[in-house]
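Structure first, then comments.
The values are calculated or read from the model by the stated rules, or taken from the named source; none is laboratory data. As the structure is a prediction and not an experimental result, all values here were calculated from the model. For neighbour counting, all protein chains shown are included, and Cβ atoms are generated from backbone atoms with ideal geometry for every residue, glycine included. SASA here: full protein model, heavy atoms, side chains in, ligands and nucleic acids out. Shrake-Rupley method; radii C 1.70, N 1.55, O 1.52, S 1.80 Å.
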Amino acid sequence: MVRNGGRGWYAKVLAAALGVTAVAGLSSFWNAQVGNGDDRPGQGVAAPPAQSQERKAAPVAAGIAHASDAGARGVNITIDDGPDPAWTPEVLRVLRDNGVKATFCMVGTQARAHPDLVRTVVAAGHRLCDHTVSHDVTMDRKSRAYQSQQILDAERMITRASGGVRPLYYRAPGGAFTPYSRQLAASRGMRPLGWNIDSKDFERPGTEAMVATVKNEIANGPTLLFHDAGGDRSQTVAALREVLPWLKEQGYSFGFPVR
């Protein structure tokens, strides 16, 4: 026989169980809604739950990409080493003014420090690229464990900073790819990304020299390399203001690297 006090105790237990069930059901509903989200650039950037960040991406080819998805007369603008609070907004302004989408190869620590800029890049329709945690140009001489840490930690930093949008490419600092790093990135859905034309803007040779480099080497291939961090990038901004309209005048269109 159950006493009145016992019935009261059972009632409390039942209420608590129902409460837990309701909370679990609400949590499952929320996770299902977020899990159906799209990682394409420009999608919503609400803070992602862990499940969204850890979904396994479909593998891609491990060969180093250079071609453009815009076809034979397509070019790819790639911007490395940011985001930077001084220069990324300036680069974004020039791209917007010319109607150009670019691929931003971000250093993990920079993305973590400036998540607002990462989300601005995504909201503008640009794509993200993993450029490692610390931009070590000697990665090809380091252990596999070190390479994994640099690539995977940066992927997590960028994805978290973006609000859940994954990097679609991996660019080794200084081109220091290894067969292992390429396969690892590709297994995570990040196509290894090279370049055909180095604007040399990192050396700050002057705007005219950078523009001349692009004009003289455009026949080498479609992927152009610029930087939005690592120092004063006023020459880069000025060069882009000249290069982008010139490329349009030559009949080029702007795309993204193939995946």
Exercise. Is one or more of the residues making up region 163-174 in contact with an Asp or Glu (Cβ under 8 Å, 6 or more places away or on another chain), open to solvent by 30 Å² or more (accessible area, probe 1.4 Å) and under 20 Å from Asn76 (Cβ atoms)?
Worked result: no
Exercise. Filter region 235-258 for residues that are of a type in the set (S, T, N, Q) and touching a residue at least 40 places away in the same chain (Cβ under 8 Å); which is nearest to Leu117 (Cα to Cα)?
Worked result: Thr236
Seminar exercise, completed: Going through (1) touching a strand residue (DSSP E or B) at 6+ places or on another chain (Cβ under 6 Å); (2) within 23 Å of Asp69 (Cα to Cα); (3) open to solvent by less than 30 Å² (accessible area, probe 1.4 Å); (4) not β-branched (Val, Ile, Thr) one by one, Ala186 fails only at (1)
Exercise. Restricting attention to region 110-142, and to residues there that are among the acidic types (Asp, Glu) and not in a helix (DSSP H, G or I), which single residue is least open to solvent (accessible area, probe 1.4 Å)?
Worked result: Asp130
Exercise. Of all residues in region 70-84, which are more than 15 Å from the chain's Cα centre (by Cα) and surrounded by fewer than 24 Cβ atoms within 10 Å (Cβ to Cβ)?
Worked result: Ala70, Gly71, Ala72, Arg73, Gly74
For this session: Determine which single condition Asp201 fails, assuming it passes every other condition in (1) open to solvent by 10 Å² or more (accessible area, probe 1.4 Å); (2) without any contact (Cβ under 8 Å) to a residue 40 or more places away in the chain.
Result: (1)
For this session: Return a yes/no flag: does region 42-57 have any residue that is at pLDDT 95 or above, exposed (fewer than 14 other Cβ atoms within 10 Å of the Cβ), outside any strand (DSSP E or B) and of a type outside the set (Phe, Trp, Tyr).
Result: no
For this session: Only residues that are in contact (Cβ under 8 Å) with a residue 24 or more places away in the chain and either surrounded by fewer than 20 Cβ atoms within 10 Å (Cβ to Cβ) or aliphatic (A, V, I, L, M) (or both): list them for region 217-233, please.
Result: Ile218, Asn220, Gly221, Leu224, Leu225, Ala229, Gly230, Gly231, Asp232
For this session: Answer yes or no as to whether Thr103 is touching a Gly at 6+ places or on another chain (Cβ under 8 Å), of a type outside the set (A, V, I, L, M) and open to solvent by less than 30 Å² (accessible area, probe 1.4 Å).
Result: no
Exercise. In this structure, does Arg233 turn out to be closer than 22 Å to Gly194 by Cβ and touching a Leu at 6+ places or on another chain (Cβ under 7 Å)?
Worked result: no
